[in-house]
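Asks: After the structure tokens below, expect a handful of questions from me.
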Amino acid sequence: MEDKRKHKRMNSLFYLRVFNRDTDRLAGRMVNITPEGIMLVSEKPIEPNENFSFRMVLPEGYEGKRTITFDANSRWCIKDINPDLYDTGFKLSGVSSEDVKVIERLIEDYTFDYLQAIGQL
């Protein structure tokens, strides 16, 4: 399968909580992130091609903010390596320019390239 990402997927050191803004329920935890998308791990599967409004809780005191908000469209969902969990990829939209900068800082401060870390690249 061809990877159409503009940015390399970066794995998070922290699994930040992501909540559905409409229900205030936990949607999942952010596993990796790019400026255009995120992958969440969750206890329930999320159907592809659904639109969501999310709120992601930032590390305490990060960038003077507690959360960032964005809209996202689910693109795919597969079983996680842990059979009790699911991985879902989302394309981000509706991210303010201020929150895009926060995402870029998160990537810089709290992510790593998994393949590079295990010596694959």
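No lab work stands behind these numbers, since they all come straight from the coordinates. Nothing here was measured: the structure is a model prediction, and the numbers come from that model. All Cβ positions, glycine included, derive from the backbone under ideal geometry; neighbour counts span all protein chains shown.
Asks: Within 10 Å of each residue's Cβ, count the other Cβ atoms and sort Met56, Met39 from fewest upward.
Replies: Least to most surrounded, the residues fall as Met39, Met56.
Asks: Right, next: Would you please report the Å³ per residue occupied by the convex hull of the alpha carbon atoms in segment 10-111?
Replies: Hull volume normalised by residue count: 91 Å³.
Asks: Right, another one. Excluding Leu16 itself, what net charge comes from residues whose Cβ is under 14 Å from its Cβ, given Lys and Arg +1 and Asp and Glu -1?
Replies: The answer is +2.
Asks: List the residues, sorted by chain then number, that are 5 or more residues from Glu50 or on another chain and whose placed amide H is less than 5 Å from its amide H.
Replies: Residues meeting the amide H criterion: Ser74.
Asks: Amide H of Leu85: which non-local residues (sequence gap of 5 or more, or other chain) have their own amide H closer than 5 Å, using H built in the peptide plane?
Replies: So Leu85 has HN proximity to Asp80.
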